[in-house]
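Novice: Would you mind keeping the following structure in view while I ask a few things?
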Amino acid sequence: MRLACPHCGPRDYSEFRYGGDASKQRPPHGTTGHGTGDLQTWHDFVFLFDNPKGPHLEYWQHVLGCRRWFTLTRNTATNEVGEPK
Amino acid sequence: MSKYSAFSLARHALDPDLPWPRAWRSPEPKASYDVVIVGGGGHGLATAHYLAKNHGITNVAILERSYIGSGNVGRNTTIIRSNYQMGANTGFFEHSLKLWEGLSHDLNFNCMVSQRGQVVVAVSPVQMDVFARRGNIMRLNGIDAELLDRGEVMKLLPYLDYSKDARWPVCGAIHQPRAGTARHDAVAWGYARSADMAGVDIIENCEVTGFAIENGKVTGVETSRGRINAGKVAIAVAGHTSHVAKMAGLRLPVESHILQAFVTEPLKPIVHHVVSWGAELFYLSQSDKGGLVFGGHIDGFNTYTQRGQFAKIRDVAECAVSLMPFTSRVRLLRHWGGIQDMTPDGSPFICKTPVKNLYLNGGWCYQGFKATPASGWTYAHTIANDEPHALNRDFSLDRFEKGNELDEFGIGNWTYKQ
Amino acid sequence: MTFRRLPSGGRIDRNRPVGFTLDGKRYRGFAGDTLASALLANDVTLVGRSFKYHRPRGIMSAGVEEPNALFTLHDGARTEANMPGTIVDLIDGLTARTQNAWPSVELDVMGINQLAAPLFQSGFYYKTFMGPTKGAWMFYEPFIRRAAGLGAATEAADPDRYETRFDFCDVLVIGSGAAGLAAALSAAGGGGRVLLVEQDSALGGGLLSEPEQDGWLQARLGEIRNASNIQALTHTTAIGLYDDNMVVLVERHDHRQPDPAKGQARQVLTMLQAKAIVFATGAIERPLVFANNDRPGVMLASAVRTYLNRFGVAPTGRAVIATNNDTAYAAAFDLAAQGVEVIVADSRTEIPADLQRRNSIEILAGTSVVDVKGKNTLHAVLDGAEQRTITCDVVGMSGGWSPVVHLTSHGGIKPVYNAAIAGFVPGGFAKTHSGAGAVMGTFGLNAAIREGAAAGGGSIAIAAAGGEDRPYAIVPTWMPPRRKGKAFVDFQNDVTAKDIKNAHQEGYHSVEHLKRYTTLGMGTDQGKTSNIIALAEMAELRGLPIEQAGTTTFRPPYTGVSLGAIAGRTIGGHFRPTRRSPLHDWHAANGGVFIEAGLWQRAWYYRWAGDTPESAYVKEMGLVRRGVGISDVSTLGKIDVQGPDAAEFLNRVYVNGFAKLPVGKARYGVMLNDDGIVLDDGTTTRISETQFYMTTTTAQAGEVMSWLEFLLQTQWTDLKVQVASLTDEWAGMAISGPKARAALELAFPGVDVSDAKLPYMGCLDFSFDGVPIRLLRLSFSGELAYEVHLSADYAISLWEHFLKTGASLGLKPYGLEALASLRIEKGHVAGLELDHRNTLDDLGLGKMAGKEKDYVGKALRQRPMYQAPERWSLVGLELLEPEKRLRGGAILFAKDDKIEGHGRGYITSVTWSVELGKTIALALYNGGLKHVGEEIVCAFPLKNELTRAKIVSPHFIDPEGKRLHA
C-alpha cells in the first residue's frame, strides 16, 4: 500500500504510523469536570468504533519522514486510498 | 452415523465401495429454532456442540454465509496454551486447554491435539522477571509452567542464535509443557459433525442480512434464504463482529485488523515445540505435515481485505531468521491473512447485549483459536441460562465503562500504539 | 523407459561439460542443462518417492510446477531441501540427493505403505489414532511426523547473504514468452523504462522448446538487447502482487554457481513499484488422471517436447502420447521427426484434420490411456475405440492447459472459467494491468504476439512469427476411467481421484474443504498441476458447472521463496536498529559492560567496580551514596517545546500544572493516555516564557513525541506550539552524590552552582569553553544530583573533563544496574512499575493531578474500578528472612491467605540496599500503603520458594528529601 504524504508525496506504508478513526470527534479541551456525563462521552470516543467495511476517514503520520499528521479516506474493503488532507 | 475408529477404517479399507456417511448434513432451514447461531466458525460450531451436550438444547441452527470453518479457525497458526496471568483469563484459558486435552475423544474426531510444549524465549534479565510473574501465577492456579535457564533452552532449541552476533541474547525461557498445537480445520469439522449428530442444523451459504427486533428483544434473523425465527440469537462472527452487530443497532469496542500467517515447505522434524520470542511478537511451530507455521503482529490498520502488506511480511521473516538462523534457507510456500477483531484491551467478549435474547461472542484479538472450546462452552452456558458463567463474567461489553479492562499483554490500550 | 542424449540439437552448450553427483554417484551433463534434463540424459528416471505411499516417482514436468522430482542440494550449512530438479541450473560440482526414501529410492522400505494404502484414504488421520487413552495422539504423532516432511533442513545457520532493493519502472512485463517479448518491445517503444522478468534461466518461454520459431525468437532477443530502456532479468520470479502495484521479485544467483563468492548475494529481492504491469505468465499443462499415471516415465507431453528440443534428450524407442486436446501433437510430431515411434491416444472422437496429416505416427481417436503398467519398461493400457496395450519408453500426457492466473488473482480479482479452453483466465484487471498470451487463454503464437504488442501500448509494430495460428480445441476429461489402480490428481501429496470422491461423499464439498480435507495443493508445488482438475472433479460429482463450484484462492508467493531472501540483511545483529548513546565508545573503551535495554545498548556496570554486575553495582551505588558518580542518561527522550502557547499545551498533557512554572525551574510531570492509564513521566524545565525542555522515559520517547505531534497537528490546532525531538542530538549525564556540587565546581570553575543560585529543581544554561551547557538540578537517586545536557558532539569531551577534574573527589562512572537500584531505594517508579496497566493512584501519584484544570485522561481515570480501593498500588517491601531471596515476579499474599490464585500483588523490582544493608523491593499490592507494617508472603512457586516480607513505604531512604535539597 502506498500513501501520499501531503509534504513528501507517495511513499510505502511502512514509513507511516496509523492513527485510527479520524471521524470521531474528540471532546473539546476544558469541558471535563467530574460528572458521569463526561465519562460516557469519553468512553464512546475512546472505546467505540464504527469499524466500517468501506470508506474510512483516518489519521496517518509520516513518522519516518516529515512527521506530518494528516487524514485520508481509505476503503477498508479494498485498501484503496484517497487523497490526503 | 458411524463412529470413527481403527475398526471402521479397516472395514472401509476392505470394502472400498462402502461409502462413509456425510460428516454433517446439508438441511434446508426450518422456519424457527430455539437458538440461531450466526457464524459457522470454530466458536459457533463449538457453541452448538456444548448447547446440545451440556444443556440439552438441540433445536439449533448455525447460519454460515460461506462454508463452515471459512473464517479464522482455518487461518490461524494452530497454537493452544494457557499461559495467561490476568484475572479471568487464567481460568478461562486453562479450562480451554483441559477441553482441548479431551477434545478428540469428546468429538470422536481426531483433532491432533499435540501437547509438544511452548517455549517463550526471554531476551533480558528484566524479561525473565516478567515471565516469572506469569509462570508463578500459572503455577498458583494449578497450571504447568517452568522457568528454563539459557543452558536448558540450548538443549531444547539447539537451532536458536546463541552467537554474539545475535541482536538480543537468549537469557532463558518460560515453558508450558502442556501447550502445543491442534489441527485447526479438524476442530471445525469435528464440532460440526458432533453438533449435527445431536440434531443441530448446519446451514452453509446462508448469510444473515438483518435482525428482527421487537420491543428491545430479538425474535429472529433475516437471511439470504429468508426469515428464520429464533428464541435466542447468538453472534459468533469474529472478524466481522462490528458489521453484524451494527445490524442489531450495536456499536462496539472492536476494530477489524488483518493478522498474517505463513507456512513453509515441508521438512523432516526439526522444531519440536511451539517457540515464541520475547523480543517481538513472533511464534512458530512445525506442523505434522512438516511445514513451519508462523506469525507475528497485525499489520496495524483496520481492514477487511485478506491481503497483507509486504513490509509486515519482511518483518516476520526477519524475526524468523534472527531467532532461528537455519530458517533462512527454508522456503515460504504460502502466506495469507485473517481478519481478527481487536479490542482496546486485547481481551474478548462472551456476553449478553443491550438487546434481549441477543448474545455476543467476539473480540478475540490474537487468541481466538486456542479459546475455541472454552468459548463455545461458556457461550453455550450464557445462552442457555441467560447469564454468564463465572469463567466469562468479565468478558463483558461494559468493562470499559467500569474500568475493568483485562490487559493481558501490558501494552495498554493498543489503539494508541498503532 | 529409457532416455538418451541426442548427438546434436538443443540449447545446451556441448563444449562445456558439467560434472555433478546424485546420491554420491557421478554424472555428466552440459551447461544449459537443468538437473532434471541432465538426469534424463543419463537415463536416471526414478528420482523420488511420494509423500504418503512412497511410490516411485520420476520427472513429470520441465518447470516450476514439478511435483515429483524434488532433491536436496548441497551439503552442510548450505543444504537446501525440496528443490525441483526442473528449475535447478546444472552447475559444476553440484551435489544432489534424493529424498523421502530409505535406504534408496530404488529400495525404499517405506514403500510398504503401499500395502496399507486402502487405509490411507483422505481424512484417515481424523478417524483414528484417538485411542486407547485421551492423549494417544502424543504416542502416534512422532511416527507420523517422521514419515512426513519430504526433505531435511540443517540446523546450522545459513552462511549466505541476501540483498534487498527498491525499484521503480514504467512497465513491468512478467514472463518472456512470445507475448511477453512483444509486450516489452512494444512498451519500450513508448519510451518508458521497461522491466522484463523471467523465472527461467533464459528468455523465450515456450519458444525455447520450438526450434522452428528460433528465428523469430533470436530477432526479438536481439532487439531487446539493443533497447536501452529494457532491463531483462532471468532467474527472476515475480512472487507476488501487493496493494498499489507493488510486485515483489526474487532473483536467484545460487543456481548459477555452487557457492556465492564473498560479498555476493545468494538471492536479491526487489520491491518493485510499477506504473503498469503486463502479465504474460503463460499456462501450465495438466496431467491426465488415469490409473498409475504417476509411474516414472509418464510425463507431461510438453515436458517430453521440452526435453527433446531444448535439451536434446529423447526416449530411445517408442512413445505414447495421451491427450484430450491439440497441443500434445506438437510433441508427437517432434518425436517422430527424431525417429521415435509415436502412438497418439486421443480421447476425442473427432480430431482436427490438419493434425492427422502426418503418416509417420499412429493416431487413435476416441482412445484413452487408462492404466500404465511396468516398472522399467512401461505398458500403456489403451481403452475406448482401440483396446490394446503398448510397450513404450515414455507416456506423454496432456489434459489441457491451466493459465497462470496466480499473480493476477493476488490483488483480489477472482479468475473465471473459460469453457473454450477448459481453464480459468483472469476475471478482469485493475487499472494499469493487462494480460497477454496463454494466461488469457490465447494459445496461438501470432495472436499472443499481437496481444502482447497491444498490452505493451502498441506504439511500435512487432513482427509476426512464421506460420499461421491454428485454433485450439479441447474436450476436457477430468474423471479417471473406472479402473483399478490409483489415479493421481495431486502427485506430491498422493491425492487420488478416489480421495476426491470420498471427500465428496463425506460432505467436504467446498473447494476449500476439499483441499484441506485431502491436503490437495498443499505441497511445494502448491497444486499448480492439480488444483483445477480437483475442483473440476468435485464440480462433476456435485453436478454443478465448473464455474459454480468456485476456485481456490491463489496466495503468494507464486513459487517458494527462501525466508532469507525476504528478510534480506536486517537480521541477526542488524535486526532492529541498535541504538547507542553518544558516550557508547567511551564506555566500551573504559571497562563498560553493556546490557540490552529495549533497542538501546546501555552501560550496565563498569569493570572498575567489579567483574560481575552483582559485585559491581554495590560499589557503584556506594560511590553515589557516599561520594560522587557520573552516569550516562543520554537515552532519555528529550523534546524541545516552544511557542506562545507552550505552557498551556503542557498544562493540558500533564496531569499536574505547568502553566505557572517559573522560568528556570523544572517540574516532575506525569502524562496519561485518554483512557486514564499512565503513559509516561519525566521532568520538564521552563527555559523561557515560551520555551520548555521536556524529558521522557527511554522506552516511551517515541510514543510521547508522536502523541504531542498528534495533539498539536490534529486536535489543538489553535495552539501556537512547535515540538522538536532532541533525543539523538543531545547527550545527558547525571552527576550524583553528596560531592556532586564539588564536582561541578571543579568542572566549571567560575560558574556559580551554589544552592542559592541553583536550588533543587533549578536550571542553569551557560556556555563552557564555547559549548552551550544545560545544567539541571534533578535527582533520580535521591542524592544531591545534577543532570548536564549538551550537544552530543561534545559528550565524550565533557564526560572525560568531569572524570579528570573530579578525580580528586573519587568521581567514577556508574551504570544502569546501580542507577536502577538507587531509584528503588528512593521509591521512584520506572518501566517495571509503569506497565501500562497502572493509574496515577496505583503509583501513589494521585495527589499530583490538578483539581480544577482539564488534562488528558481526566475523565476516564475516574471510572469506578480505576478508583476502587482494592486496586494494586505501589508499596515497598523489606525481606524478613535474610537467608532467602526476594525475586521480581513473586506473587504476594497476606500472611494467612491460602497460597493459590492470583494473590494480592506482585514484586516489580528488587535490589540489595547498600544503604540499609538489606534486600528491599518495590511491589504493587492490593490496597497499597494501607497495609504498611504488615507481614506478607512472597510466593515464587517456579522455584518452590515462600518468603516472608514486610510492607513499608517505598521511600526507603531520606523520605523527607533532605539530601536532594542539600
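The values are calculated or read from the model by the stated rules, or taken from the named source; none is laboratory data. What you see is a predicted model, and the numbers here were worked out from it, not measured in a lab. Here the Cβ positions follow ideal geometry from the backbone for every residue, glycine too, while neighbour counts run over all protein chains shown.
Novice: Considering only the stretch A:5-23, how many residues are of a type in the set (Ser, Thr, Tyr), within 7 Å of another protein chain (Cβ to nearest Cβ) and either closer than 11 Å to A:GLU58 by Cβ or within 12 Å of the chain's Cα centre (by Cα) (or both)?
Specialist: Qualifying residue count, the stretch A:5-23: 1.
Novice: Right, here's the next one. So which residues in the stretch C:622-649 are more than 30 Å from A:PRO28 (Cβ to Cβ) and of a type in the set (Asp, Glu)?
Specialist: Within the stretch C:622-649, C:ASP632 is the sole residue that qualifies.
Novice: Let me ask something additional. If you scan the stretch C:862-915, which residues turn out to be farther than 23 Å from B:ARG139 by Cα, aromatic (Phe, Trp, Tyr) and more than 7 Å from chain B (Cβ to nearest Cβ)?
Specialist: Matches in the stretch C:862-915: C:TRP912 only.
Here's the yes/no breakdown for (1) crowded, with 24+ Cβ neighbours inside 10 Å; (2) in a helix (DSSP H, G or I); (3) within 7 Å of chain C (Cβ to nearest Cβ):
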{"site": "B:ASP341", "(1), (2), (3)": "yes, no, no"}
{"site": "B:GLY346", "(1), (2), (3)": "no, no, no"}
{"site": "B:CYS351", "(1), (2), (3)": "no, no, no"}
{"site": "B:PRO373", "(1), (2), (3)": "yes, yes, no"}
{"site": "B:ALA384", "(1), (2), (3)": "no, yes, no"}
{"site": "B:GLU405", "(1), (2), (3)": "yes, no, no"}
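Novice: Right, next: Could you grab me the full set of residues in the stretch B:172-203 that are farther than 21 Å from C:LEU514 by Cα and either touching an Asp or Glu at 6+ places or on another chain (Cβ under 8 Å) or free of Cβ contacts under 8 Å to residues at least 24 places away in the same chain (or both)?
Specialist: Listed by number, the residues that qualify are B:GLY172, B:ALA173, B:ILE174, B:HIS175, B:GLN176, B:PRO177, B:ARG178.
Novice: Kindly indicate which of B:VAL316, B:VAL293 is farther than 21 Å from A:PRO52 by Cα and not in a helix (DSSP H, G or I).
Specialist: B:VAL293
Novice: Cβ-Cβ under 6 Å, sequence separation 6+ or interchain: first residue in the stretch C:595-611 and free of Cβ contacts under 8 Å to residues at least 12 places away in the same chain and within 11 Å of another protein chain (Cβ to nearest Cβ), partner surrounded by fewer than 21 Cβ atoms within 10 Å (Cβ to Cβ) and hydroxyl-bearing (Ser, Thr, Tyr). Which pairs?
Specialist: Pairs found: C:GLU596/B:SER124.
Novice: Considering C:VAL18, C:VAL64, C:VAL88, which residue is surrounded by fewer than 21 Cβ atoms within 10 Å (Cβ to Cβ), touching a Leu at 6+ places or on another chain (Cβ under 9 Å) and under 27 Å from C:GLU251 (Cα atoms)?
Specialist: Going through C:VAL18, C:VAL64, C:VAL88 in turn, just one is surrounded by fewer than 21 Cβ atoms within 10 Å (Cβ to Cβ), touching a Leu at 6+ places or on another chain (Cβ under 9 Å) and under 27 Å from C:GLU251 (Cα atoms): C:VAL18.
Novice: Looking at the stretch A:62-85, is at least one residue part of a loop (DSSP other than H, G, I, E, B), within 12 Å of the chain's Cα centre (by Cα), among the charged types (D, E, K, R) and more than 7 Å from every other protein chain (Cβ to nearest Cβ)?
Specialist: The answer is yes; a qualifying residue exists.
Novice: Mind checking which residues of the stretch B:128-175 are in a strand (DSSP E or B) and either surrounded by 19 or more Cβ atoms within 10 Å (Cβ to Cβ) or aromatic (Phe, Trp, Tyr) (or both)?
Specialist: Listed by number, the residues that qualify are B:LEU147, B:LEU148, B:GLY172, B:ALA173, B:ILE174, B:HIS175.
Novice: Sticking with this one: Within the stretch C:550-564, does at least one residue satisfy the condition of being outside the structural domain of C:MET671 (by TED's automatic domain parsing), touching a residue at least 60 places away in the same chain (Cβ under 8 Å), surrounded by 18 or more Cβ atoms within 10 Å (Cβ to Cβ) and in a strand (DSSP E or B)?
Specialist: yes
Yes or no, residue by residue, for (1) without any contact (Cβ under 8 Å) to a residue 40 or more places away in the chain; (2) under 50 Å from the mean Cα position of the chain (by Cα):
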site	(1), (2)
C:LEU746	no, no
C:ALA756	yes, no
C:VAL771	yes, yes
C:ARG777	no, yes
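Novice: Name the single residue that is nearest to the other protein chains (Cβ to nearest Cβ) among those in the stretch B:31-42 being under 22 Å from B:ASN108 (Cα atoms) and part of a loop (DSSP other than H, G, I, E, B).
Specialist: B:GLY40
Novice: Quick one: in the stretch C:576-594, of everything that is farther than 19 Å from B:GLN127 by Cα and free of Cβ contacts under 8 Å to residues at least 12 places away in the same chain, which residue is nearest to the other protein chains (Cβ to nearest Cβ)?
Specialist: For the stretch C:576-594, the residue satisfying everything is C:ALA588.
Novice: In the stretch C:749-790, what residues are over 18 Å from C:GLN691 (Cβ atoms) and among the basic types (Lys, Arg)?
Specialist: Once the filter is applied, which keeps residues that are over 18 Å from C:GLN691 (Cβ atoms) and among the basic types (Lys, Arg), the stretch C:749-790 yields C:LYS757, C:ARG777.
Novice: Now for a separate question. Mind listing just one residue for me: the one in the stretch C:626-648 that is part of a helix (DSSP H, G or I) and surrounded by fewer than 23 Cβ atoms within 10 Å (Cβ to Cβ) and, of those, farthest from the other protein chains (Cβ to nearest Cβ)? Let's see the steps before the verdict.
Specialist: Filtering the stretch C:626-648 for residues part of a helix (DSSP H, G or I) gives C:626, C:646-648.
If we keep only those that are surrounded by fewer than 23 Cβ atoms within 10 Å (Cβ to Cβ) as well, we get C:626, C:647-648.
Working: C:ARG626: 27, C:ALA647: 14, C:GLU648: 9 Å.
Here the answer is C:ARG626.
Residue-by-condition table, conditions (1) within 10 Å of chain C (Cβ to nearest Cβ); (2) in a helix (DSSP H, G or I); (3) within 23 Å of B:ASN110 (Cα to Cα):
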residue	(1), (2), (3)
B:LEU9	yes, yes, yes
B:PRO16	yes, no, yes
B:PRO29	no, no, no
B:THR47	no, yes, yes
B:ALA61	no, no, no
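Novice: Can you work out which of the residues in the stretch A:3-32 that are of a type in the set (Lys, Arg) and surrounded by fewer than 18 Cβ atoms within 10 Å (Cβ to Cβ) is nearest to A:PRO55 (Cα to Cα)?
Specialist: It comes out as A:LYS24.
Novice: I would also like to ask the following. Just one of B:SER66, B:SER104 is part of a helix (DSSP H, G or I), out of contact with any strand residue (DSSP E or B) (no Cβ under 7 Å at 6 or more places or on another chain), facing chain C (nearest Cβ under 8 Å) and more than 30 Å from B:ILE411 (Cβ to Cβ); which is it?
Specialist: Of B:SER66, B:SER104, the one residue that is part of a helix (DSSP H, G or I), out of contact with any strand residue (DSSP E or B) (no Cβ under 7 Å at 6 or more places or on another chain), facing chain C (nearest Cβ under 8 Å) and more than 30 Å from B:ILE411 (Cβ to Cβ) is B:SER104.
Novice: Further, regarding this structure: Against the condition within 23 Å of C:ILE361 (Cα to Cα) and of a type outside the set (S, T, N, Q), how does C:VAL320 come out, does it pass?
Specialist: Considered against the rule, which asks whether it is within 23 Å of C:ILE361 (Cα to Cα) and of a type outside the set (S, T, N, Q), C:VAL320 comes out as yes.
Novice: Residues that are within 22 Å of the chain's Cα centre (by Cα) and over 24 Å from B:THR382 (Cβ atoms): which strands (runs of 3 or more DSSP E) entirely in the stretch B:199-267 hold 1 or more of them?
Specialist: Working: elements: B:201-203, B:208-214, B:217-223, B:226-236, B:255-266.
Qualifying strands (runs of 3 or more DSSP E): B:255-266.
Novice: Could I ask something else about it? Looking at the stretch C:699-725 only, could you name the residues that are under 40 Å from the mean Cα position of the chain (by Cα) and away from every other protein chain (no Cβ under 14 Å)? I'd like the intermediate steps shown before the answer.
Specialist: To start, the set of residues in the stretch C:699-725 that are under 40 Å from the mean Cα position of the chain (by Cα) comprises C:699-717, C:722-725.
The answer is none; no residue qualifies.
Novice: Among the residues of the stretch B:89-106, is there at least one that is more than 19 Å from B:ARG178 (Cα to Cα) and touching a residue at least 24 places away in the same chain (Cβ under 8 Å)?
Specialist: Within the stretch B:89-106, not a single residue is more than 19 Å from B:ARG178 (Cα to Cα) and touching a residue at least 24 places away in the same chain (Cβ under 8 Å).
Novice: Give C:LEU382, C:LEU364 a once-over and let me know the one that is without any contact (Cβ under 8 Å) to a residue 24 or more places away in the chain and assigned to a strand (DSSP E or B).
Specialist: Answer to the selection: C:LEU364.
Residue-wise test of (1) in a loop (DSSP other than H, G, I, E, B); (2) in contact with a helix residue (DSSP H, G or I) (Cβ under 9 Å, 6 or more places away or on another chain); (3) under 30 Å from C:GLY190 (Cβ atoms); (4) outside the structural domain of C:VAL197 (by TED's automatic domain parsing).
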site: C:ALA261; (1), (2), (3), (4): yes, no, no, no
site: C:LEU269; (1), (2), (3), (4): no, yes, yes, no
site: C:LEU272; (1), (2), (3), (4): no, no, yes, no
site: C:ILE277; (1), (2), (3), (4): no, yes, yes, no
site: C:THR281; (1), (2), (3), (4): yes, yes, yes, no
site: C:ASN293; (1), (2), (3), (4): yes, no, no, yes
site: C:MET299; (1), (2), (3), (4): no, yes, no, yes
site: C:ALA303; (1), (2), (3), (4): no, yes, no, yes
